[in-house]
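Worksheet: the structure to be examined is printed underneath.
The values are calculated or read from the model by the stated rules, or taken from the named source; none is laboratory data. Every value quoted in this text rests on a predicted model; they were computed, and no experiment measured them. Quick reminder, even Gly has a Cβ in these numbers, built from the backbone with ideal geometry, and neighbours come from all protein chains shown.
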Number of protein chains: 2
Amino acid sequence: MTKKHLLLSTLLLFMAGWSTAYGEDGSQLWLRFNSVNTTAQVTGVKGTAMTELQTYWQGGPVVLKRQKGRARDGYTIKSQGGKTVIAAASDAGLLYGAYHLLRLQQTGEQCERLDISEVPFYDLRILNHWDNPNGTVERGFAGKSIFLNPTPERLKMYARANASVGINGTVLNNVNAKPEALSTASLEKTKAIADQLRPYGIRVYLSINFASPIKVGGLETADPLDKTVVGWWKKKVDEIYRLIPDFGGFLVKANSEGEPGPQDFGRTHADGANMLAGVLKPHKGIVMWRAFVYAPQSPDRANQASLEFMPLDGQFADNVIIQIKNGPVDFQPREPYSPLFTAMQKTQMMVEFQLTQEYLGAANHLVYLAPMWQEFFSFVKPGSLKAMAGVANIGDDTNWCGHHFAQANWYAFGRQAWNPALKPEQIADEWLKQTFSRHGKDNGQETAAANSQFSIFNSQLVKVMMDSREAAVNYMMPLGLHHIFAGTHHYGPEPWYSPKGVRADWTPPYYHRADSVGMGFDRTLTGSANVKQYPEALCRLYNDVNTCPENLLTWFHHVPWDHRMKSGRTFWDELCHKYDEGVHETRRFLAVWDAMQPVVDAERFAAVQRKLRIQVRDAEWWRDACLLYFQTFSHRPIPQDVEHPVHNLDEMMKFHIPIGMYENPESGYNK
Amino acid sequence: MTKKHLLLSTLLLFMAGWSTAYGEDGSQLWLRFNSVNTTAQVTGVKGTAMTELQTYWQGGPVVLKRQKGRARDGYTIKSQGGKTVIAAASDAGLLYGAYHLLRLQQTGEQCERLDISEVPFYDLRILNHWDNPNGTVERGFAGKSIFLNPTPERLKMYARANASVGINGTVLNNVNAKPEALSTASLEKTKAIADQLRPYGIRVYLSINFASPIKVGGLETADPLDKTVVGWWKKKVDEIYRLIPDFGGFLVKANSEGEPGPQDFGRTHADGANMLAGVLKPHKGIVMWRAFVYAPQSPDRANQASLEFMPLDGQFADNVIIQIKNGPVDFQPREPYSPLFTAMQKTQMMVEFQLTQEYLGAANHLVYLAPMWQEFFSFVKPGSLKAMAGVANIGDDTNWCGHHFAQANWYAFGRQAWNPALKPEQIADEWLKQTFSRHGKDNGQETAAANSQFSIFNSQLVKVMMDSREAAVNYMMPLGLHHIFAGTHHYGPEPWYSPKGVRADWTPPYYHRADSVGMGFDRTLTGSANVKQYPEALCRLYNDVNTCPENLLTWFHHVPWDHRMKSGRTFWDELCHKYDEGVHETRRFLAVWDAMQPVVDAERFAAVQRKLRIQVRDAEWWRDACLLYFQTFSHRPIPQDVEHPVHNLDEMMKFHIPIGMYENPESGYNK
């Protein structure tokens, strides 16, 4: 019996008789406060901080104090003479302090001898919602847009959840922006939302369609250097600020995937961004201009953003931030960092992470993303960036994110944007404690036994969460593979997808390039030379198949099937092992979760179990589809110590999940 | 690298460049002779033996010699002065000798210094076809009846295959017999078949409907003691023998599952059987009277046959044989032997095995049955029986049996009926050599290398075959579980199947009796007392939960969930492990088969691979359905070192395969 099994057996023995009668639907996220036992005596500055503490704080007296000279959102928490004093320069700072105190309470930390001083690393910690006016959410897997017909209660919960982790901005609409986002009717709705978020320190932003002057304004051009166009934007921005005095600014996807942009009028990204920045500047608004661009005819999509943006380095106004996806392609399970981050020297940049699991099993797979973001920050210094944006995974599902564990990605995003140095395991641990433990519940019947149970639960689940991203990489796209997803959605495997007439860089063979010799995209100096966009040392490392990190091997190299890996295996055998490892990891996650039944409420236990079962079956589907398909090129047997495919390639190739990019599939392969 | 892996790697290395271009469809069964290189000089007795040798023998001169005084079907084969002499008392004996010689040739044995003497253990080695007049085959999973519109070529192949393994009788129609089997039109068709089988030493038999005198003859009764009835049977039997002078006799299912029988007229099984025996006796025909009876109201179906038949022991005529299924219930993956076999002292008995896999995955699962029959013979002395019957797994599918490996059960049945002492692994080995090896093919390009390859193939596949039945027991019904199949077919699991109005002994809960205490059918002395039907020593052994063999535990006991097993595990944990073991075994079979790709023709490789993949997925389905369902009684967790279910119980309970008892499902669970 391994140590793990011993732990679990102990756990089960311990709690065999323990009832878990009450249900939970996840709607309270990690804010599962007990308002019944409140003992709060809160004095000082009135506002949201005071309200939250008065409703949920169960400790001694708290004083809220305004203190000038501090950083805008920073705060201190000090135990002084039997009281807890929270001091900050702003209402937002006080609110963040209040949530900090409540977090200590909910995670069972001591709240007696506090001496805390916090300042957020980034001033701008912002969610990007890809919500459409019709209520659909692009790559949203948790129902419809929460902004379509929001109830005040739901919007308040959204605001509290964001504020509790320090998120202070939100882009309400899809980067593939409909022009009507700027219509007066739509702006009135935006104002209503902004009014409800303001007490929680959250500013609203809008994605804009660059052709709005034509489509909304009726002008004949949207040329950013055209005075009528600039005039139109000025008027529109004035209108916005009359409605929303603290409006944050614009997010712009221009000349990308068919969206209009300055290049349509012979102008550059800088021309476009700077024009908007100029109009926003008097109001202290900003422009977040996305670098997610790639021409259909580009010989290497991964090169494209640098090719377009490097010549503009230093040309952007000081209230423009270039928003760059973490990787050079598109939110794959694993990518190297986008080389723009280290190449651009004179431009303000921010990173765009994707919380919604477009390429990571949608709302069916448990994949904790903080380790992926930490990996990014091991290459890109947090200090080189201005801000952090996260594409939200939020919808109108009762539990907000479809998968209960997807809530952890929302939580972790906020916490890492506040402090990128926070360890993912610490974030997971505090999220688990607040989300699943019963501290603050049970009317004070908290016991040493219960604490011990939850500490086992937490250590087990932290490990599952921490291992989950690497598992997903393994069962989907190990060793640097990328973008071999189904053509019509990004849920399942379709490495063979390559219909006539579809642009090459929207098909998997463009990326995996499997042939009888080997597999992978040659991005070396003798290939697409993408390696050259990285700093010299990394370029050398990546350029040599023998020094390139194996987890990026086929990203940078066309690797021969018999290439010898560090494990001693051939590349083909290693590929088989990695896929199989992924499957076995998901089975382990399921087994760990099953053992937690006594500690988790029945409702969430069953919901997560069901999702984990889907994940195991999907992992097998991924493994079988990819190995059997790649085997048609490698002509090598699947090693004996690897589990052999149980699905048939011909049947998998005929199988299609009838979903679009707005839906979470019920489950994966079912033939 | 384990020894096994090393072997397989060597194998793969060895054959990497080896082409397997030609296809195989299984239609030649194990008779894959090469008629091109024939060198045969065959002299002596003319007949089928000579024809077969002249067509396929590749060795030196053969002499066929009639020799009186030998047992009817026996033969000798001796090397004498550069010739091989086959001697026998009958044409059938010569034919069996000829096939023996061809088997030596095909399996690569030496054929130079032969001194063989063979006599079959049983005189009657008989197939039971459950074929209906409309061409369907009850529990047939390989297409329609081969007797519906048989081509001469196909019927000849059927005859050759049977003769090659010593099968000398065949019941052409279903034991649930339509009365029209005895109509003159139908008998004419039977005669035509008999004429074609006769040259191969095969007699035909018919299943009869006991009410035939009413339904065919127009009489008012079928009372076996009624003189008009006896007269009708006499006339009918005379008619049969005019058409088919060597007609074998009748197989009768009476007063069982709704079929008519002597009890309908207040008579006993003996009355019915003896009347028919009397009518057949002058023609040397026999009656095979089935003991498969069980009343709906029986408190233990397993007791019923003994209760009905023991009082009749000694009352049956000398040309009646009581045909008893190997187990007391119904061809389950594992049953104890039917206690009738040891209880009846003054009655001729024969065993009925089931070759068609009604309860063993139909034509989708690889389950080699010889080890199961060997297990039976370890309890019931072969010498205590008169004959062996096997319910055929043959249909008009190109490969005869649906699954290529199901052919092995047909083959093994014949070989064991000839000699029950033959080891299942030896039978598997010789079947594999004849069925898959390329001896006699390739126009003599047989090499030492090829032989070495096939010896690896054989040893690997013999092991798979030998392990396959225990694997099936494990993933379907380990530890004595039985009859928890789907209600409308017997393919998948439905341990919960229990609709209102269905007789109890046709529903799984009647058999598994799971409750909060434990699971299993209490057949001890304080339960249904079924143990008492066994000899004293076995009765004692089975009656005590601590001495009862664990592979029959829930057959005889209602076992508490926490009962301590020999492994040290609780019964519940052991159950989980057994189910999981079954799944892992099927995965191993698949991996072994996959490694054989270089040695097997592409057509059969793909067909078997596809079936094995189904088998793995079905095994998971079985494991998940049974464990999750039984868990609703045990309320115990699935152990951590067991793979956890990936399907959901509620979904599995809603799932139905739309097949009846005449079809092989395309595959199992697919939600």
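The figures follow:
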| quantity | calculated |
| --- | --- |
| Index of the failed condition, B:ALA88 passing every other in (1) of a type in the set (Gly, Ala, Ser); (2) surrounded by fewer than 24 Cβ atoms within 10 Å (Cβ to Cβ); (3) modelled with pLDDT of 95 or more | (2) |
| Residues of region B:616-625 satisfying the condition of being in contact with a helix residue (DSSP H, G or I) (Cβ under 6 Å, 6 or more places away or on another chain) and more than 10 Å from chain A (Cβ to nearest Cβ) | B:TRP622, B:ARG623, B:ALA625 |
| Selection count where residues are part of a loop (DSSP other than H, G, I, E, B) and surrounded by 24 or more Cβ atoms within 10 Å (Cβ to Cβ), scope region B:376-401 | 6 |
| Qualifying residue in region A:451-466 (condition: on the phi < 0 side of the Ramachandran plot, assigned to a loop (DSSP other than H, G, I, E, B) and touching a residue at least 24 places away in the same chain (Cβ under 8 Å)) | no |
| Filter result (touching a residue at least 60 places away in the same chain (Cβ under 8 Å) and touching a helix residue (DSSP H, G or I) at 6+ places or on another chain (Cβ under 6 Å)) within region B:371-407 | B:PRO371, B:MET372, B:MET388, B:GLY390, B:ASN393, B:CYS401, B:HIS403, B:HIS404 |
| Residue list for region A:193-209, restricted to those being more than 16 Å from A:LEU243 (Cα to Cα) and either assigned to a loop (DSSP other than H, G, I, E, B) or among the hydrophobic types (A, V, I, L, M, F, W, C) (or both) | A:GLY201, A:ILE208, A:ASN209 |
| Selected residue (only one of B:LEU182, B:LEU148, B:LEU155 is surrounded by 22 or more Cβ atoms within 10 Å (Cβ to Cβ) and among the aliphatic types (A, V, I, L, M)) | B:LEU182 |
| Selected residue (criterion: farthest from the chain's Cα centre (by Cα)) from residues of region B:168-192 that are outside any helix (DSSP H, G or I) and over 21 Å from B:GLY140 (Cβ atoms) | B:SER183 |
| Within region A:341-375, considering residues that are closer than 17 Å to A:VAL329 by Cα and in a loop (DSSP other than H, G, I, E, B), the one nearest to the chain's Cα centre (by Cα) | A:LEU355 |
| Scan of region A:622-657 for residues that are of a type in the set (S, T, N, Q), within 19 Å of A:LEU481 (Cβ to Cβ) and buried (at least 18 other Cβ atoms within 10 Å of the Cβ), ordered by number | A:GLN631, A:SER634 |
| Any hit, region B:515-525, residues being assigned to a helix (DSSP H, G or I) and either within 14 Å of chain A (Cβ to nearest Cβ) or buried (at least 19 other Cβ atoms within 10 Å of the Cβ) (or both) | no |
| Any hit, region B:582-593, residues being touching a helix residue (DSSP H, G or I) at 6+ places or on another chain (Cβ under 8 Å), in a helix (DSSP H, G or I) and away from chain A (no Cβ under 13 Å) | yes |
| Residues (closer than 22 Å to B:ASN648 by Cβ, surrounded by fewer than 17 Cβ atoms within 10 Å (Cβ to Cβ) and more than 11 Å from chain B (Cβ to nearest Cβ)) located in region A:658-671 | A:PRO658 |
| Only one of A:ILE324, A:ILE240 that is among the aliphatic types (A, V, I, L, M), part of a strand (DSSP E or B), crowded, with 19+ Cβ neighbours inside 10 Å and at pLDDT 95 or above | A:ILE324 |
| Leading residue by the ranking (modelled with the lowest pLDDT) among those in region B:39-57 that are closer than 21 Å to B:THR107 by Cβ and buried (at least 16 other Cβ atoms within 10 Å of the Cβ) | B:ALA40 |
| Among (1) away from every other protein chain (no Cβ under 14 Å); (2) surrounded by fewer than 24 Cβ atoms within 10 Å (Cβ to Cβ); (3) assigned to a helix (DSSP H, G or I) - the single one A:TRP555 does not satisfy | (2) |
| Members of region B:200-227 found to be touching a residue at least 40 places away in the same chain (Cβ under 8 Å) and over 17 Å from B:LEU172 (Cα atoms), listed by number | B:ALA211, B:THR221, B:ALA222, B:ASP223, B:PRO224, B:LEU225 |
| B:ILE638 being at the interface with chain A (Cβ under 9 Å from one of its Cβ atoms) and either touching a residue at least 60 places away in the same chain (Cβ under 8 Å) or not in a helix (DSSP H, G or I) (or both) | yes |
| Residue that is surrounded by the most Cβ atoms within 10 Å (Cβ to Cβ) [pool: residues in region B:277-321 that are of a type in the set (Ser, Thr, Tyr) and over 17 Å from B:PRO260 (Cα atoms)] | B:SER306 |
| Test result for B:THR586, within 23 Å of B:LYS463 (Cβ to Cβ) and either surrounded by fewer than 20 Cβ atoms within 10 Å (Cβ to Cβ) or not aliphatic (A, V, I, L, M) (or both) | yes |
| Checklist (1) within 34 Å of the chain's Cα centre (by Cα); (2) part of a loop (DSSP other than H, G, I, E, B); (3) modelled with pLDDT of 90 or more; (4) surrounded by fewer than 19 Cβ atoms within 10 Å (Cβ to Cβ) applied to B:GLY60, failing item | (1) |
| Those residues of region B:506-537 which are touching a helix residue (DSSP H, G or I) at 6+ places or on another chain (Cβ under 8 Å), over 24 Å from B:SER256 (Cα atoms) and among the aliphatic types (A, V, I, L, M), in sequence order | B:ALA514, B:MET519, B:LEU525 |
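Residue-by-condition table, conditions (1) away from chain A (no Cβ under 13 Å); (2) in a helix (DSSP H, G or I); (3) free of Cβ contacts under 8 Å to residues at least 12 places away in the same chain:
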| residue | (1), (2), (3) |
| --- | --- |
| B:GLU574 | yes, yes, no |
| B:VAL599 | no, no, no |
| B:ARG610 | no, yes, yes |
| B:GLU651 | no, yes, no |
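Let's see how each residue does on (1) of a type in the set (D, E, K, R); (2) surrounded by fewer than 18 Cβ atoms within 10 Å (Cβ to Cβ); (3) closer than 17 Å to A:ILE126 by Cα:
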| site | (1), (2), (3) |
| --- | --- |
| A:GLY201 | no, no, yes |
| A:VAL204 | no, no, yes |
| A:PHE210 | no, no, no |
| A:GLU220 | yes, yes, no |
| A:THR228 | no, yes, no |
| A:LYS234 | yes, yes, no |
| A:ILE244 | no, no, no |
| A:SER256 | no, no, no |
